[in-house]
Amino acid sequence: MCFPQLLLALCVLLPVAVQSLMFQPLDCADIYNDGSGRSGVYRIYPAGPNSGRYVYCDMDTEGGKWTVFQRRMDGTVNFYRGWEQYKNGFGHAAGEYWLGLETIHLLTLRKNYELRVDMEDFNGARVYANYTSFSISPQAINAEVDGYRLHVSGFRNGGAGDSLTYANGEKFSTFDKDQDSWGNNCALTRRGGFWFKSCQYTNPNGLYLWGEVTDIGLHWYHWKSNYYSLKSISMKMRPVSLRSVE
């Protein structure tokens, strides 16, 4: 019998197990601050212990600590999806994915965030756009009823130009839930869900078309116009207090 030895082992391991259970990071900044400084897939908890979601954490760009909530890179995931999927999220954090409107909303209720949009063309050129304030329906009692409305401001140029402020204040639209300001459905005509107006200067969730000249691909108007489909684009958020001073 080895009960004393077993009891000793449990006593040694229990604090580690309890610490692991207690650490429920809200976002990638919490993960970084806990000592995990490598980019990769981690689990966050936007609304308590039963809300775990896998995300990709960018720990390298401009000081790191970015929670990536949208990423396009190779066309392996279909982004032409309906309301429920954009609400709840889809794809895989290790590759292309959309974190989910409800999760993004919950994050922005807990902290003040900035937004960064990184993009690349098929010639290897890379640029970004930064916004010092980003949230989704922060004052709404029910964010879904409010349409997961976009609030973005404080543009800082990283070579991409500003193609998102145009959509400030707009509700999110999908092909089966038209909430844009146009007479028709922008999500339907542009083949992807997003915060549209009539229709838009950017379409990061459009079809992946390998540089094709079309207005239904991934585009950012103020860099490559509405008729160039980008190689990659990602949207990421970070607490504003962590923004690097230039």
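The values are calculated or read from the model by the stated rules, or taken from the named source; none is laboratory data. Quick caveat: nothing in here was measured; it's all calculated off a predicted structure. Here Cβ is always computed from backbone atoms with ideal geometry, including for glycine, and neighbour counts include all displayed protein chains. When the accessible area is computed, the model is the full protein with side chains, heavy atoms only, and any ligands, DNA or RNA have been set aside. Shrake-Rupley method; radii C 1.70, N 1.55, O 1.52, S 1.80 Å.
If you go through region 165-215 and keep only what is open to solvent by 20 Å² or more (accessible area, probe 1.4 Å), under 18 Å from residue 234 (Cα atoms) and among the aliphatic types (A, V, I, L, M), you end up with 207, 209. Each residue in region 145-154 was checked for being within 28 Å of residue 125 (Cβ to Cβ) and either buried (at least 16 other Cβ atoms within 10 Å of the Cβ) or free of Cβ contacts under 8 Å to residues at least 24 places away in the same chain (or both), and 3 of them qualify. The condition of being open to solvent by less than 80 Å² (accessible area, probe 1.4 Å), outside any loop (DSSP other than H, G, I, E, B), modelled with pLDDT under 95 and not aromatic (Phe, Trp, Tyr) holds for only one of 41, 18, that being 18.
Of all residues in region 203-217, those satisfying the criterion of being more than 18 Å from residue 83 (Cβ to Cβ), in contact with a Phe, Trp or Tyr (Cβ under 9 Å, 6 or more places away or on another chain) and without any contact (Cβ under 8 Å) to a residue 40 or more places away in the chain are 212, 213, 214, 215, 217.
Among the residues of region 145-152, some residue qualifies, meaning at least one is under 15 Å from residue 222 (Cβ atoms) and modelled with pLDDT of 95 or more. Given the condition part of a strand (DSSP E or B) and within 24 Å of residue 76 (Cα to Cα), answer yes or no: does some residue in region 200-209 qualify? So far as region 200-209 goes, yes, one or more of its residues are part of a strand (DSSP E or B) and within 24 Å of residue 76 (Cα to Cα). When every residue of region 54-62 is checked against the conditions, none turns out to be in contact with a Pro (Cβ under 7 Å, 6 or more places away or on another chain), modelled with pLDDT of 95 or more and not in a strand (DSSP E or B). Scanning region 174-186 for residues that are within 18 Å of residue 146 (Cα to Cα) and either part of a helix (DSSP H, G or I) or touching a residue at least 24 places away in the same chain (Cβ under 8 Å) (or both) turns up 174, 175, 176, 177, 179. Regarding residue 118, is this residue assigned to a loop (DSSP other than H, G, I, E, B) and touching a residue at least 12 places away in the same chain (Cβ under 8 Å)? In short, no. Scan region 21-38 for residues that are among the acidic types (Asp, Glu) and buried (at least 21 other Cβ atoms within 10 Å of the Cβ) and jot them down. 27 - this is the single residue of region 21-38 that is among the acidic types (Asp, Glu) and buried (at least 21 other Cβ atoms within 10 Å of the Cβ). Just so you know, in region 128-144 the residues that are open to solvent by less than 20 Å² (accessible area, probe 1.4 Å) and of a type in the set (A, V, I, L, M, F, W, C) include one that is nearest to residue 195 (Cα to Cα), and it is 136.
Residues in region 64-84 that are surrounded by 13 or more Cβ atoms within 10 Å (Cβ to Cβ), touching a residue at least 24 places away in the same chain (Cβ under 8 Å) and not basic (Lys, Arg): 64, 66, 67, 68, 69, 70, 73, 75, 79, 80, 82, 83.
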